[in-house]
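This report concerns only the one structure given below.
Just so it is clear, none of the values below were taken in a lab; they were calculated from the coordinates. Quick caveat: nothing in here was measured; it's all calculated off a predicted structure. A quick note on method: Cβ atoms are made from the backbone with ideal geometry, for glycine too, and the neighbour counts reach across all protein chains shown.
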Amino acid sequence: MPQILVEDLRKTFKVNRRQSGFFNSLKAFAHRQTTTVNALNGISFNLEEGELVGYIGPNGAGKSTTIKIMSGILTPDSGKCEVMGRIPWRQRIEHVRRIGVVFGQRTQLWWDVPVGDSFDLLKDIYKIPFQQYQKTKNELVESLGLQKLVETPVRQLSLGQKMRCELAASLLHQPQILFLDEPTIGLDAVSKLAVRDFIKKINRERGVTVILTTHDMDDIEALCSRIMLIGKGKILLDGTIEQIRNRISPERIMTIDFVRTPPSIAFPGVNSVRGEDGRLELHFNPSVISATDLINRITANNEIKDFIIENLPIEETIARMYDEFKI
Amino acid sequence: MKAYFSILKLRFAVQLQYRAAAAAGLFTQFFFGFVRVMVFHAFYLFNTTIQPMSLEQTVTYTWLGQMVFRTLPLGGDSEVLGLIRSGNFAYELCRPLNLYFFWYCRLISKVAVSLILNGLPLLFIVCFLPQSYGLIAPSTASSVVSFSVSLVGALLLGCAVANIISISTLWTLSGDGVQRLLPALVMIFSGNIVPLAFFPEWAQPALRYLPFSGLMDIPFRLYLGTLPPAQVFTLLTLQLTCAGVFIGLGLWLLSSATKRAVVQGG
């Protein structure tokens, strides 16, 4: 049996609407207009223990709603959701004991006391035995570099520091599943890397199942073995990054620096985009022409300085995917 | 249980960080108490009829009121209101605790902290005031016991009311309306402004059976020993029943609120 089982999950929200302007506010005062938004429109998937899954989709696609249902915060309208054999919103207290949650835009730390005090409170809330708590805390402090931060009041931490503390706070009770809702939002490059490395580490070393939503495609590329794409409340794609790349576009990019002016290239399956200073960018389909073939044919007649082969940037793949599904 | 105790500890630590606030609170309580005491002195000086309480009793009642002032349910828990408005409420539901008692305990700890940081120092200060300006000692040993029991009852009741206000914010989002209306009711009908005994005879039964009398009036009259012994048990039961009813109502409201709660945005 999978660790997380979701079947035909549905959730609608009522949204108040009115046009701007004073007259319209008067009208809305007398008569409210609401529209129903289908946040989730029949979502189904399974997750096995130890997976690291990226859950992506544009803003408003239903990512956070799914996370909130799986973590027992929201009650869905209909459908099935079982996490470790429990129904999150019915058996909330038993359920939340075994999961950890980080909402990138919220905070769970007590604002005006040092981080360590918040940790101590969580220890008692989750009834973590003292020995285990000390051990886990020390490990987390070590691997997230929190030595100095633990003694600082939360209000004086930077965003990156706070996020590292949030991650530690959500793992003190050694959950088997970790839900991360935009954990890297607003972080600088260094903090992002630290957070990423850490997520990878706990997934590998402790076998914690991680479900991650993000808009940062580098997060996805660096971390996730599996991607689920959601749009308009439905799962549109579910697979590995490679599968999704191939599904959207198998295209590769070869950038070549020539010694002299680049020649014009006209091979089947190759599109050339001219760059500056003797540089040429070739978009090619590896199933029509292989990379070795292409470079051999070019070097046969031209002297080159350097070349690089890349995948289509992940951002671009995702943008094309959103475009293709019209979400 | 340990979790709830731990919240108490943390909240105490938080309050201790704000020394200026504690000092200011103490000064305010003392100042307004003193103004009221002076008003009662003037009132009794020119008084020609028999009043329901003696001057000393009224002054004592006033000081006791100032000591427990911060425990009155004048609004919801500001911390919880903040959580609801900011959406950090989502995390509250991720804790393996009964949310109602989690919040209730936060209130209890807030109230306990204010009793320790405001009430006790004020008690210490008024002990040094000259006679008829300060506190008179409780009448008998049994009045100390019944006062202590009903003081705990008052805290339980007050927090149950305040918790309902916090919970109502899940519907209204701002809570401002209730926050303005309630203090007026609480301050008048608990006896905080004028002891309930001074209200007209015809209003007495209603005042007694309103839940607000349990917040101050009942414990203070037990302290002064002005209640007929036969009524002590009835009033204590009434007070604790009120607390029970408000807790029950709060539990029900919160469970129906969480079923329909929406954490907006992101």
Using Cα springs under 10 Å in a Gaussian network model of chain B, which residue among B:VAL14, B:VAL178, B:VAL194 shows the largest mean-square fluctuation?
B:VAL14
Taking Cα atoms, how many degrees apart are the long axis of helix A:314-325 and the longest axis of chain A, rounded to 10 and kept between 0 and 90?
80 degrees
What ranking of B:TYR4, B:TYR91, B:TYR61, B:TYR209 emerges when the number of other C-beta atoms within 10 Å of each C-beta is taken as an exposure proxy, fewest first?
B:TYR209, B:TYR4, B:TYR91, B:TYR61
Along each of the three principal axes of the Cα atoms of chain B, give the extent in whole Å, ordering the values from largest to smallest.
67, 40, 34
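In what sequence, highest mean first, do A:277-285, A:126-134 appear when ranked by Cβ atoms within 10 angstrom? Mind showing how you got there, number by number?
On the way: A:277-285: 16.7, A:126-134: 13.4.
Highest mean packing first, the order is A:277-285, A:126-134.
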Rounded to whole Å and sorted largest first, what semi-axes of the equivalent ellipsoid does the C-alpha gyration tensor of the protein assembly as shown yield via the square root of 5 times each eigenvalue?
65, 25, 22
When the Debye formula is applied to the Cα atoms of the stretch A:1-144, each taken as the same point scatterer, what base-10 log of I(q)/I(0) results at q = 0.12, 0.13, 0.15, 0.17 Å⁻¹?
-0.71, -0.80, -0.95, -1.08
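Considering only DSSP states other than H, G, I, E and B, which GluC sites (Glu not before Pro) in the stretch A:192-250 qualify as loop sites with at most 10 other Cβ atoms within 10 Å?
Working: sites: A:GLU205, A:GLU221, A:GLU242; in loops: none.
Passing sites in the stretch A:192-250 do not exist.
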Partners for A:LYS232 among aspartates and glutamates (Cα-Cα distance below 15 Å; same-chain residues under 8 apart left out)
A:ASP8, A:ASP323, A:GLU324
Mean other chain Cβ within 10 Å across A:111-117 is 3
Among the lysines, which fall within straight-line cross-link reach of A:LYS135, defined as a Cα-Cα distance under 24 Å, with same-chain neighbours fewer than 8 residues apart omitted?
A:LYS123, A:LYS127, A:LYS148, A:LYS162, A:LYS200, A:LYS201, B:LYS2, B:LYS9
Percent relative contact order for the stretch B:2-260, counting Cα pairs under 8 Å at least six residues apart, stands at 26 percent
Running a GNM on chain A with Cα contacts under 10 Å, which residue among A:GLY269, A:GLY85, A:GLY104 ends up with the highest mean-square fluctuation?
A:GLY269
Centroid-to-centroid separation of the stretch B:1-70 and the stretch A:199-240 [C-alpha atoms, Å]:
57 Å
If B:GLU56, A:GLU182, A:GLU48 are placed from fewest to most neighbouring beta carbons inside 10 Å, the sequence is A:GLU48, B:GLU56, A:GLU182
Mind telling me which of A:ARG86, A:ARG245, A:ARG17 comes out most flexible in a GNM of chain A, alpha-carbon contacts under 10 Å?
A:ARG17
Give me B:VAL152, B:VAL186 sorted ascending by neighbouring Cβ count inside 10 Å, so fewest comes first.
B:VAL152, B:VAL186
Divide by every residue of the protein assembly as shown the summed helix terms, -39500 (n - 2.57) for each DSSP H run of at least 4, and state the resulting mean residue ellipticity at 222 nm, rounded to the nearest 500 deg cm²/dmol.
-16000 deg cm²/dmol
A:LYS234: which lysines have alpha carbons under 26 Å from its alpha carbon, excluding same-chain residues fewer than 8 sequence positions away?
A:LYS11, A:LYS14, A:LYS63, A:LYS68, A:LYS80, A:LYS326, B:LYS259
